[in-house]
Amino acid sequence: MRVPKPDAARELLNVLEGSLPEGFDRLDVLVANEAGHYNTKSVRAHVCTTQLPAGSFIPTDAMGVEFHVCAPELVFLQMAGEVEFDHLIYVGFALCSSFRLDGWEPGGCVHREGYDAPLTTVDRIRAYLERLPEGTKNRAVALRALQYVRPGARSPREVGIAMTIGLPLSLGGHGLGETSMNPEIRVYDGIDSRGEPRWVTRIPDILVVARDRTGQERRVGVDFDAKSTHGDPVRTYRDVDRRNLMAPTTTFTHITLGSVQVDNYVAFCREIDRIRRALGQRQKPRLVGDPDSERNRRLLAKARSRQFDLWNRVLGAECLSL
């Protein structure tokens, strides 16, 4: 594969103009060897000497102009060499998500339905990476990041919340338990008039599962109420706060987060602590000996700094772009 001729590159740029980010004025293309590695005004070339698996490129066209795009699985590998580790996890969530970005819609994204399926799955990305030769550049990093990716998110906010809840402390998360996105679960809802157990079905945005200190499994369903962005923020905060205090059972708690809780780091930490207590988890990081010792103060400060940085990148002022 060689760099396209200037006329062909300009034609492709013109037909893709409406789909490219603002200010994007060059195509990124893969070439098979150094002989084809040179840049032009319209093209930025990247060398790939690895024999890529079948299906790495998808044929398509725009307004009659035919070209190939990288498959989502290859995109994940490529991004492993372009972005920081937490951003790579974020990209993985997005590639496997049930939403797509749409600047014409309120909130900037829409839920995928019908034939508008997720771009890929965690299993397909893993299978693709494992088909690559060991030692392929960025393969190991991509596989390591993939273990933290969860499919099925319905919005970028859900991705950020799930990452802060589930990622380990070393990556800036709170390590509260195993997370899954939008699962259908049955919850015990007491006894009906005939004395039979009654169950209700719930689909929380995020399900967190962990074992408490006695070994009992506990579950917390976390919802993000996007509508809470509108209306009186003080009233919304109080309504959500009151709902969160009502836990249905000792083994399942349903918590709703509004924009006020998610956008304010102090309020967000309060909700994270509520989730932790509902799961019966000890505070992290675990401190040994005197909690006011120099070692423990440094350990705690380092963990809190990482957690703030992650929150700021996936939910706060420096929110990552997809």
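The values are calculated or read from the model by the stated rules, or taken from the named source; none is laboratory data. For clarity, every value in this text was computed on a predicted model and none was experimentally measured. For neighbour counting, all protein chains shown are included, and Cβ atoms are generated from backbone atoms with ideal geometry for every residue, glycine included.
Within the range 191-198, does at least one residue satisfy the condition of being closer than 17 Å to residue 283 by Cα and not hydrophobic (A, V, I, L, M, F, W, C)?
Among the residues of the range 191-198, not one is closer than 17 Å to residue 283 by Cα and not hydrophobic (A, V, I, L, M, F, W, C), which makes the answer no.
Can you pull out every residue in the range 206-234 that is among the polar types (S, T, N, Q) and at pLDDT 90 or above?
Of everything in the range 206-234, those that are among the polar types (S, T, N, Q) and at pLDDT 90 or above turn out to be 214, 216.
Test of understanding: among 221, 177, which residue is in contact with a His (Cβ under 6 Å, 6 or more places away or on another chain) and touching a residue at least 24 places away in the same chain (Cβ under 8 Å)?
Testing whether each residue is in contact with a His (Cβ under 6 Å, 6 or more places away or on another chain) and touching a residue at least 24 places away in the same chain (Cβ under 8 Å) leaves just 221.
May I ask you to list the residues in the range 79-99 that are under 22 Å from residue 18 (Cα atoms), of a type outside the set (A, V, I, L, M) and either part of a loop (DSSP other than H, G, I, E, B) or modelled with pLDDT of 95 or more (or both)?
If the condition is that a residue be under 22 Å from residue 18 (Cα atoms), of a type outside the set (A, V, I, L, M) and either part of a loop (DSSP other than H, G, I, E, B) or modelled with pLDDT of 95 or more (or both), then no residue fits.
Name every residue in the range 100-139 that is on the phi > 0 side of the Ramachandran plot and either surrounded by fewer than 17 Cβ atoms within 10 Å (Cβ to Cβ) or assigned to a helix (DSSP H, G or I) (or both), in order of residue number.
107, 108, 114, 135
Across the range 292-322, which residue is surrounded by the most Cβ atoms within 10 Å (Cβ to Cβ) among those that are acidic (Asp, Glu) and closer than 17 Å to residue 85 by Cα?
So the residue we want is 309.
Can you tell me which of (1) assigned to a loop (DSSP other than H, G, I, E, B); (2) of a type in the set (Asp, Glu); (3) in the same structural domain as residue 302 (by TED's automatic domain parsing) is the one residue 189 doesn't meet?
(1)
Identify all residues within the range 141-156 that are touching a Cys at 6+ places or on another chain (Cβ under 9 Å) and in contact (Cβ under 8 Å) with a residue 60 or more places away in the chain; write none if there are none.
149, 153, 155, 156
Condition first: charged (D, E, K, R) and either touching a Phe, Trp or Tyr at 6+ places or on another chain (Cβ under 9 Å) or modelled with pLDDT of 90 or more (or both). Can you find one or more residues in the range 239-258 that meet it?
The answer is no, given that none of the residues of the range 239-258 is charged (D, E, K, R) and either touching a Phe, Trp or Tyr at 6+ places or on another chain (Cβ under 9 Å) or modelled with pLDDT of 90 or more (or both).
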